[in-house]
Amino acid sequence: MSIDIAVARALHVLAVVIWIGGVSMATTVMLPAIRRGDLGGDPLHAFELIERRFVWQARFAVLVVGLSGLYMIWRLDLWDRFHSLTFWWMHAMVCVWLLFAFLLFVAEPFILQRHFRRWAAAQPEAALACLHRVHGVLLVLSVATILGSVAGSHGWSPS
């Protein structure tokens with residue numbers, strides 16, 4: 001294996017760990033604590049304080065994952081894998097990446113921030129419950145993709 005591929009793969013995996021690890025922490029630790037009131041009486045404020053610090057880490061990690069993934073596909077000439085369902089996990093990685101890229105770079109700053117704040121002010125419990133459910137769905141999709149990608153890249157195929 002070439003050194004550039006090893007570096008790209010290492011950066012890719014590190015960025016996935018930071019990104020999806022953050023999703024896991026938010027889903028299983030932060031949001032439950034906020035919803036219980038463990039972080040003070042203003043759940044929206046607590047969420048925004050934590051989210052504001054992590055969103056830039058998540059955005060950077062998503063960029064690194066996308067760039068390193070694209071580089072490995074180009075450098076190893078893996079384009080043909082997208083023509084076969086045997087490599088379903090390649091499609092899953094791209095779809096999960098596209099979903100998060102859209103959420104972090106488009107939906108959250110330009111759409112969700114304004115609307116969520118209004119909804120959370122009017123109905124904080126419902127808004128946080130929905131936010132928690134969405135994070136849960138994103139975590140399940142991400143974990144399934146990670147498991148499939150690691151197994152698939154090491155030769156496992158469901159067929």
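The values are calculated or read from the model by the stated rules, or taken from the named source; none is laboratory data. Since this is a predicted model, take the numbers as computed values, not measurements. Neighbour counts are summed over all protein chains in view; Cβ atoms, including those assigned to glycine, are modelled from backbone coordinates with ideal geometry. The accessibility values were calculated without ligands, DNA or RNA, using every heavy atom of the protein model including side chains. Shrake-Rupley method; radii C 1.70, N 1.55, O 1.52, S 1.80 Å.
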Conditions (1) small (Gly, Ala, Ser); (2) in contact (Cβ under 8 Å) with a residue 60 or more places away in the chain; (3) open to solvent by 40 Å² or more (accessible area, probe 1.4 Å); number of the one not met by ALA151: (3)
Unique residue being touching a Gly at 6+ places or on another chain (Cβ under 8 Å) and not hydroxyl-bearing (Ser, Thr, Tyr) when the list is ALA127, ALA121, ALA92: ALA92
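Starting from residues that are in contact (Cβ under 8 Å) with a residue 12 or more places away in the chain and open to solvent by 30 Å² or more (accessible area, probe 1.4 Å), keep the ones in the range 17-27 and report whichever is nearest to VAL94 (Cα to Cα). Spell out the reasoning first.
Taking the range 17-27 and keeping what is in contact (Cβ under 8 Å) with a residue 12 or more places away in the chain, we get 18-20, 22-24, 26-27.
Narrowing further to those that are open to solvent by 30 Å² or more (accessible area, probe 1.4 Å): 18, 24.
Values: ILE18: 17, SER24: 19 Å.
Within the range 17-27, the match that is nearest to VAL94 (Cα to Cα) is ILE18.
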Candidates PHE54, PHE102, PHE87, PHE47 - the one that is at negative phi and surrounded by fewer than 14 Cβ atoms within 10 Å (Cβ to Cβ): PHE102
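Quick one: which residue in ALA121, ALA151 is in a helix (DSSP H, G or I), among the small types (Gly, Ala, Ser) and either farther than 24 Å from VAL7 by Cβ or touching a Cys at 6+ places or on another chain (Cβ under 7 Å) (or both)? It would help to see each step written out before you state the result.
Details: ALA151 fails: either farther than 24 Å from VAL7 by Cβ or touching a Cys at 6+ places or on another chain (Cβ under 7 Å) (or both).
Just one listed residue meets the conditions, ALA121.
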Count - residues of the range 57-84 that are open to solvent by 90 Å² or more (accessible area, probe 1.4 Å) and among the charged types (D, E, K, R): 3
Hey, ALA107 open to solvent by less than 40 Å² (accessible area, probe 1.4 Å) and touching a residue at least 60 places away in the same chain (Cβ under 8 Å) or not: no
Filter result for ALA92 (more than 18 Å from ILE20 (Cβ to Cβ) and open to solvent by less than 90 Å² (accessible area, probe 1.4 Å)): no
Whichever residue in the range 57-96 is under 20 Å from the mean Cα position of the chain (by Cα) and hydroxyl-bearing (Ser, Thr, Tyr) and, among such residues, is farthest from GLY148 (Cα to Cα): TYR71
